[in-house]
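Down below is the structure, laid out as structure tokens.
The values are calculated or read from the model by the stated rules, or taken from the named source; none is laboratory data. Quick caveat: nothing in here was measured; it's all calculated off a predicted structure. Cβ atoms come from the backbone with ideal geometry, glycine included; neighbour counts cover every protein chain shown. Protein only, heavy atoms only, side chains kept; ligands, DNA and RNA dropped before computing areas. Shrake-Rupley method; radii C 1.70, N 1.55, O 1.52, S 1.80 Å.
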Amino acid sequence: MVEVSLLRKQFSTEQETVKALRGISFSVPEGQLVTLLGPSGCGKTTTLRCVAGLERPDSGMIRIGERVVYSSESKQFDPPEWRPVGMVFQSYAIWPHMTVFDNVAYPLRGRGVGKTRIVQEVHRVLSLVGLAELADRPSPQLSGGQQQRVAVARALVANPSVLLLDEPLSNLDAKLRQHMRLEIRELQKRSGITAIYVTHDQEEAMAVSDQILFMVDGEIVEGGPPQEIYRKPQKKLTAEFFGEANFVRGRIKAQEGDRVVVETPLGTLSCAGQNKSVGQEAYVFFRPEDAEVVREPPCRRASLPGHVARVTFLGKTVECLLELENGVTLKASVHPKFRPRQAETVHLVVNPDACSVVTD
Ligand code: ATP
């Protein structure tokens with residue numbers, strides 16, 4: 001388990017002072033993979049480096065397992081080599097003049113571990129990442145994916161309690177990235193290791209994580225399991241970052257349990273949402289794939305008439321931009337078999353359970 005509390009870090013250069021972390025708090029339960037996701041410069045790498053001990057925070061607390069490795073209050077700062085963490089860097093940082101075996105053995109040699117134990121441990125982690133056969137191969141003769149696995153094996157060889165991965169797939173091409181993210185996830189589950197993963201790619205974050213923490217400008221905007229943060233975000237910013245989104249502006253009329261009643265140009269809608277204040281401006285949000293487009297108005301469900309303003313073929317789906325009769329424009333993904341035509345009249349059906357209320 002990792003616990004980070006009220007962590008602050010700023011960098012001062014001659015020109016400016018950057019508040020990289022503005023007092024962030026989160027915890028990573030034992031055996032889970034938590035991803036820090038956010039746009040470039042939001043503080044993801046700084047957080048990871050603070051946990052690894054490569055950066056000294058200005059204030060806050062970091063605990064790994066039972067041990068407090070950093071505390072501004074008690075002036076505690078464990079150097080990186082004392083912390084039970086293994087790190088995989090964006091660049092892999094593999095030594096080109098060494099074999100696979102020597103690269104993976106490197107952290108153990110630095111700690112004075114005996115030869116027999118080194119052989120055992122290196123073979124254990126190479127088997128774990130599926131590279132046992134390539135132990136003697138010189139590192140430059142490895143593919144990108146194999147180099148990435150060497151970096152993971154090296155991070156795991158000293159049996160750390162926590163694995164830290166900083167954009168570990170960004171040097172691979174798109175197809176290999178998709179494959180390797182599944183491999184990393186499988187490996188993390190198999191080994192049961194607690195992990196913190198950094199990426200700016202929301203799809204990658206959803207594929208690998210138990211929990212995602214969405215960061216912007218040195219703060220955690222919100223966090224949750226992938227499905228929840230994708231389908232029921234609390235903030236408009238989060239909804240936008242995770243993919244195509246529809247927003248209908250409105251004003252909150254009532255909070256009724258975990259549902260919110262919102263007055264919008266489409267009428268009064270009741271959607272999922274919590275802790276919203278009556279009178280507050282808000283948006284009813286839903287994903288384009290949760291909007292159904294039909295040619296005849298359904299008799300048992302409410303629908304909104306409009307016309308198709310734009311059609312974009314995306315392969316598996318077709319995205320339609322719909323202009324409703326009351327002037328609101330919304331996006332809907334439909335199956336290519338539906339063959340929407342530009343300017344045709346259609347009806348939009350949105351399941352209220354797929355909607356939620358988000359705020360700025
Ligand atoms: P990316 O996805 O681009 O790697 P990030 O979310 O990991 O970005 P950080 O690398 O943590 O962001 O940087 C957070 C902020 O702190 C940025 O504005 C960055 O320019 C600044 N920063 C980071 N390290 C330093 C440093 N050593 N000196 C000055 N500013 C720094």
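Compute the signed sum of charges (Lys and Arg +1, Asp and Glu -1) over the other residues within less than 14 Å, Cβ to Cβ, of residue 189. Don't skip to the answer; put the middle values down first.
Numbers: positive: 181, 185, 190; negative: 30, 183, 186, 210.
Its environment carries a net charge of -1.
Taking the convex hull of the Cα atoms, report for the chain its projected area averaged over all directions, in nm².
Computed as one quarter of the Cα hull surface, the answer is 23.3 nm².
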TODO: Could you tell me the number of lysine pairs in segment 1-133 with C-alpha atoms less than 26 Å from each other, where the two lysines are 8 or more residues apart or belong to different chains?
DONE: 6
Task: Unmatched cysteines, the chain - criterion: no other Cβ of a Cys under 4.7 angstrom - done: 42, 50, 299, 320
Task: Alpha-carbon centroids, segment 260-296 and segment 94-125: separation in whole Å - done: 56 Å
Task: Column: log10 I(q)/I(0), Debye, Cα scatterers of segment 107-225, q = 0.18, 0.20, 0.22 Å⁻¹ - done: -1.00, -1.17, -1.34
Task: Rg/Rg_globular for segment 261-319, with Rg_globular taken as 2.2 N^0.38 Å and Rg from C-alpha atoms - done: 1.44
TODO: Sequence neighbours fewer than 8 away in the same chain don't count; with that in mind, list the lysines whose C-alpha is under 17 Å from residue 276.
DONE: 232, 235, 236, 253
TODO: Using only the alpha carbon atoms of segment 103-165, find the Kirkwood hydrodynamic radius as the inverse mean reciprocal pair distance, in angstroms to one decimal.
DONE: 11.9 Å
Task: Length-normalised contact order of segment 96-208 in % [C-alpha pairs under 8 Å, at least 6 apart] - done: 27 percent
Task: Protein accessible area in segment 315-356, 1.4 Å probe - carbon and sulfur % - done: 49 percent
TODO: Any aspartates and glutamates with Cα under 14 Å of the residue 337 Cα? List them, leaving off those in the same chain fewer than 8 positions away.
DONE: 292, 319
TODO: Provide the FRET efficiency to the nearest 0.05 for the residue 277-residue 93 pair, computing r from the beta carbons and using R0 = 45 Å.
DONE: 0.35
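How much mean residue ellipticity at 222 nm does the chain get from its helices, if each DSSP H run of length 4 or more adds -39500 (n - 2.57) and you divide by all residues, to the nearest 500 deg cm²/dmol?
Using -39500 (n - 2.57) per qualifying helix, the result is -7000 deg cm²/dmol.
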- [ ] Please give the net charge around residue 44, taking every other residue with its beta carbon less than 11 angstrom from that of residue 44, where Lys and Arg add +1 and Asp and Glu add -1.
- [x] -1
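Can you give the net charge of the other residues whose Cβ lies under 15 Å from the Cβ of residue 263, counting K and R as +1 and D and E as -1?
Net charge around residue 263: +3.
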Open item on the list: Please compute the Kirkwood hydrodynamic radius over segment 173-270, one decimal place, Å, based on all pairs of different Cα atoms.
Closed with: 15.8 Å
- [ ] Starting from the Cα of residue 189, draw a straight line to each of the aspartates and glutamates and keep only those under 13 Å, dropping any in the same chain fewer than 8 residues away.
- [x] 30, 210
Task: Label point distance in nm, residue 345-residue 191, each placed 7 Å from Cα along Cα→Cβ - done: 6.2 nm
Open item on the list: Between residue 240 and residue 353, what is 0.36 nm times their sequence separation minus the Cα-Cα distance? Round to one decimal in nm.
Closed with: 38.8 nm
- [ ] Averaging sequence separations of C-alpha pairs under 8 Å and six or more residues apart, then dividing by the length of the chain, give the relative contact order as a whole percent.
- [x] 15 percent
TODO: For segment 133-212 and segment 1-79, write down the distance between their C-alpha centroids in whole Å.
DONE: 22 Å
TODO: Please give the FRET efficiency for residue 18 paired with residue 299, using the beta carbon to beta carbon distance and R0 = 41 Å, rounded to the nearest 0.05.
DONE: 0.10
- [ ] Have a look at the DSSP beta bridges in the chain and tell me what percent are antiparallel, nearest 5.
- [x] 75 percent
Task: Projected label distance in nm at residue 310 and residue 72, using a 7 Å step from Cα toward the beta-carbon - done: 4.6 nm
